[in-house]
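J.: Here it is, the structure, as structure tokens.
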Amino acid sequence: MDASRIAKEASALLPLAHRVLKRYPFLTSEVEHLATHSNVMYRVVTSNGEQLVLRVGTPHANTRSNIQFEVEWLDALNRETSLDVVAPIRTAGGGLIVDEMDPDLDKERPCVLFSWMPGTPLGDGAGPFGYRLLGQMCAALQQHGRSWTPPAVGEMRKWDRVFYYDKDADPVVVNDPLYGHLFDVPRQKMIEKAALTSQQYIKDAWSSESPQVVHGDLHEWNVHVVRSRVYAFDFEDVMIATPGQDAAICLYSSRMDDSRDEIRGAFRKGYESIAKWPIIDESQLDAFHAARQVMLMNYAARTLAMNEARDYLDRVFPWIQSYVTKYA
């Protein structure tokens, strides 16, 4: 999404954001656009100077039930653990989600107000020390997720296949002729081989391990670091997966990094300070990374501008080629 479209959408949704904020037991002094990804985020400052973040949801970006799982787990984590994780703020009526009608879409947008996360992203250069903290956070969240019972509001997303999002939310376009400018026949065949190979690893993991509630998107840009503390947020992709799959997500970006081995070693050291290492070997880790990359390539083709999608696919495709050469 280009800058002008982002600014236009953020401005158009500002009245909706103000209506949502009236549901909370405080007065607001400032509301400004913070970021736009799959949702639109606003920085909120209350009349007493407290900073918060309002997420205005996009109806097709996530299921309503998965958002309910997200906020309920976060609420439980904040009540039952000492982990530094983002907290959903309750409305004056006690709710964690505000469904506000968007007249332009003629649909309700699910909105959640969150506590402000201090610090800077781990991805800004926290280095091996930061990844050790990330490993600890990953293991600790899984520890709680193993015993947490989700509310009965629907079926939680499951990473039991390569394309694990709802088909309506994230249709598979790799073989769609409309996307042939991004996926030519050789590239399609390579992606298909990577998907088939990684799918078998996922199937084996699910049959031999114990899938559970996990964060589902815990990586270096979804945690902030403040000295020796790490703060986790963006639980919107909460899902059922094996601990190894969840840990693989944390390490996904390092797969092409020059410091890959150092990052993995630091992460594993942090993880093992809390729990047994969940990844069997390098082939399993590579398979989980391949599955995630195939899914993200599909997502990028659908959502990015043509030039951005082409640049992204050209950048990551060589890793998929090397994966297929090694394992398929």
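The values are calculated or read from the model by the stated rules, or taken from the named source; none is laboratory data. Quick caveat: nothing in here was measured; it's all calculated off a predicted structure. We place every Cβ from the backbone using ideal geometry, glycine too, and count neighbours over all the protein chains shown.
J.: For segment 201-210, check the following and say yes or no: at least one residue is touching a helix residue (DSSP H, G or I) at 6+ places or on another chain (Cβ under 8 Å) and farther than 24 Å from F235 by Cβ.
T.: Looking for residues that are touching a helix residue (DSSP H, G or I) at 6+ places or on another chain (Cβ under 8 Å) and farther than 24 Å from F235 by Cβ, one finds at least one in segment 201-210, hence yes.
J.: Would you check which residues across segment 1-43 are of a type in the set (D, E) and within 30 Å of A309 (Cβ to Cβ) and list them?
T.: The answer is D2, E9, E32.
J.: I would also like to ask the following. Quickly run through segment 289-315 and pick out the residues that are touching a residue at least 24 places away in the same chain (Cβ under 8 Å), surrounded by fewer than 16 Cβ atoms within 10 Å (Cβ to Cβ) and either touching a Pro at 6+ places or on another chain (Cβ under 7 Å) or hydrophobic (A, V, I, L, M, F, W, C) (or both).
T.: Once the filter is applied, which keeps residues that are touching a residue at least 24 places away in the same chain (Cβ under 8 Å), surrounded by fewer than 16 Cβ atoms within 10 Å (Cβ to Cβ) and either touching a Pro at 6+ places or on another chain (Cβ under 7 Å) or hydrophobic (A, V, I, L, M, F, W, C) (or both), segment 289-315 yields A305, M306.
J.: Of all residues in segment 35-63, which are among the hydrophobic types (A, V, I, L, M, F, W, C) and outside any loop (DSSP other than H, G, I, E, B)? Before you say what the answer is, go through the steps one by one.
T.: As a first pass, look at segment 35-63 and keep what is among the hydrophobic types (A, V, I, L, M, F, W, C): 35, 40-41, 44-45, 52-54, 56, 61.
Listed by number, the residues that qualify are A35, V40, M41, V44, V45, L52, V53, L54, V56.
J.: While we're looking at this one, here's another question. Is it the case that C111 is within 24 Å of Y231 (Cβ to Cβ), among the hydrophobic types (A, V, I, L, M, F, W, C), buried (at least 22 other Cβ atoms within 10 Å of the Cβ) and outside the structural domain of K22 (by TED's automatic domain parsing)? Give the steps one after another, and end with the answer.
T.: Numbers: within 24 Å of Y231 (Cβ to Cβ): yes; among the hydrophobic types (A, V, I, L, M, F, W, C): yes; buried (at least 22 other Cβ atoms within 10 Å of the Cβ): yes; outside the structural domain of K22 (by TED's automatic domain parsing): no.
Taking the combined requirement at face value, the residue does not satisfy it.
J.: When residues of segment 206-219 are filtered for being among the charged types (D, E, K, R) and either modelled with pLDDT of 95 or more or in the same structural domain as N66 (by TED's automatic domain parsing) (or both), how many remain? Break it down stepwise before answering.
T.: Step one: filter segment 206-219 for residues among the charged types (D, E, K, R), giving 209, 217.
Filter once more, so that each one left must be either modelled with pLDDT of 95 or more or in the same structural domain as N66 (by TED's automatic domain parsing) (or both): 217.
Residues meeting the conditions: 1.
J.: Something else about it: Testing L178 on (1) part of a loop (DSSP other than H, G, I, E, B); (2) at negative phi; (3) surrounded by fewer than 19 Cβ atoms within 10 Å (Cβ to Cβ), one condition comes back false. Which one is that?
T.: Result: L178 fails condition (1) only.
J.: Would you confirm, using the coordinates I've provided, whether K193 is surrounded by 17 or more Cβ atoms within 10 Å (Cβ to Cβ) and more than 21 Å from R310 (Cβ to Cβ)?
T.: Working: surrounded by 17 or more Cβ atoms within 10 Å (Cβ to Cβ): yes; more than 21 Å from R310 (Cβ to Cβ): yes.
For K193, the condition - surrounded by 17 or more Cβ atoms within 10 Å (Cβ to Cβ) and more than 21 Å from R310 (Cβ to Cβ) - is met.
J.: Hey, can you tell me all the residues within segment 32-59 that are farther than 24 Å from D217 by Cβ and surrounded by 14 or more Cβ atoms within 10 Å (Cβ to Cβ)?
T.: V45, T46
J.: Sticking with this structure for a sec: Taking the condition crowded, with 16+ Cβ neighbours inside 10 Å, under 20 Å from L34 (Cβ atoms) and either touching a helix residue (DSSP H, G or I) at 6+ places or on another chain (Cβ under 8 Å) or among the acidic types (D, E) (or both), does C138 pass? Lay out the reasoning, then the answer.
T.: Working: crowded, with 16+ Cβ neighbours inside 10 Å: yes; under 20 Å from L34 (Cβ atoms): no; either touching a helix residue (DSSP H, G or I) at 6+ places or on another chain (Cβ under 8 Å) or among the acidic types (D, E) (or both): yes.
In short, no.
J.: Determine whether segment 11-31 contains at least one residue that is surrounded by fewer than 16 Cβ atoms within 10 Å (Cβ to Cβ), part of a loop (DSSP other than H, G, I, E, B) and either on the phi > 0 side of the Ramachandran plot or of a type in the set (S, T, Y) (or both).
T.: There is no residue in segment 11-31 that is surrounded by fewer than 16 Cβ atoms within 10 Å (Cβ to Cβ), part of a loop (DSSP other than H, G, I, E, B) and either on the phi > 0 side of the Ramachandran plot or of a type in the set (S, T, Y) (or both).
J.: Right, here's the next one. Mind listing whichever residues of segment 103-126 are touching a residue at least 40 places away in the same chain (Cβ under 8 Å) and more than 23 Å from S38 (Cα to Cα)? Don't jump to the end; show me each part of the working.
T.: First, pick out the residues of segment 103-126 that are touching a residue at least 40 places away in the same chain (Cβ under 8 Å): 104-105, 107-123, 126.
Of everything in segment 103-126, just one residue is touching a residue at least 40 places away in the same chain (Cβ under 8 Å) and more than 23 Å from S38 (Cα to Cα), namely A126.
J.: Mind checking which residues of segment 126-174 are in contact with a strand residue (DSSP E or B) (Cβ under 9 Å, 6 or more places away or on another chain) and assigned to a helix (DSSP H, G or I)?
T.: Matches in segment 126-174: F129, G130, L133, L134, Q136, M137, C138, L141, Q142, H144, G145.
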